[in-house]
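Throughout, read-outs are computed from the coordinates displayed, never taken from laboratory work. In this text the structure is predicted, and so the values were computed from the model without any measurement. Ideal geometry is used to build each Cβ from the backbone, glycine not excepted, and the neighbour counts take in all protein chains shown.
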Amino acid sequence: MTLFNLAKNTIVADDIIVLKNLFEKASGLIGKSAPRAVFVKTRWGIHTFGMKFPIDVIVCDKEMRVFVLRENLVPNRMFFWNPRFPYILELPSGMIKTSVIEIGDRLKINKH
């Protein structure tokens, strides 16, 4: 799947993984040797316990509009946001900056 930034007309990631079930959401990137772009529908928060690398986090509303950006969330931390925002993107650290993602941008995920 591909993550687009419609506001900037750019591709953010072309190999995004969608975590669907409880096990996938709970384990996420734990135990992985390298970060990947991950999309999660959750309102409860995320953690980086057991991860080996920092990540960037994007919190979106139901229209995939960016409302919260958290850069370089290091391992062994918890991150919470207003539960009215249901969509989360976890990206390799530095991608928010290099992709020039800003609050208010609208994102879209397409299947290849």
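Going by what's in this entry, would ILE46 be described as touching a residue at least 40 places away in the same chain (Cβ under 8 Å) and either touching a Gly at 6+ places or on another chain (Cβ under 6 Å) or surrounded by 12 or more Cβ atoms within 10 Å (Cβ to Cβ) (or both)? Steps first, answer last, please.
Numbers: touching a residue at least 40 places away in the same chain (Cβ under 8 Å): yes; either touching a Gly at 6+ places or on another chain (Cβ under 6 Å) or surrounded by 12 or more Cβ atoms within 10 Å (Cβ to Cβ) (or both): yes.
So ILE46 fits the description; yes.
The test for being over 17 Å from GLU102 (Cβ atoms) and exposed (fewer than 12 other Cβ atoms within 10 Å of the Cβ) holds for ASN76.
When the residues of the stretch 55-76 are narrowed to those that are in contact (Cβ under 8 Å) with a residue 40 or more places away in the chain and assigned to a strand (DSSP E or B), which ends up nearest to the chain's Cα centre (by Cα)?
Of the stretch 55-76, the ones in contact (Cβ under 8 Å) with a residue 40 or more places away in the chain are 56, 58, 60, 63-66.
Now drop any that are not assigned to a strand (DSSP E or B), which leaves 56, 58, 60, 65-66.
Details: ASP56: 7, ILE58: 5, CYS60: 9, ARG65: 13, VAL66: 11 Å.
Per the stated criteria, the residue is ILE58.
Residue-by-condition table, conditions (1) on the phi > 0 side of the Ramachandran plot; (2) touching a Pro at 6+ places or on another chain (Cβ under 7 Å); (3) part of a helix (DSSP H, G or I); (4) surrounded by 18 or more Cβ atoms within 10 Å (Cβ to Cβ):
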{"site": "PHE4", "(1), (2), (3), (4)": "no, no, no, yes"}
{"site": "ALA7", "(1), (2), (3), (4)": "no, no, no, no"}
{"site": "ASP15", "(1), (2), (3), (4)": "no, no, no, no"}
{"site": "LYS25", "(1), (2), (3), (4)": "no, no, yes, no"}
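Looking across ILE11, ILE103, one residue alone is outside any loop (DSSP other than H, G, I, E, B) and surrounded by fewer than 16 Cβ atoms within 10 Å (Cβ to Cβ). It is ILE11.
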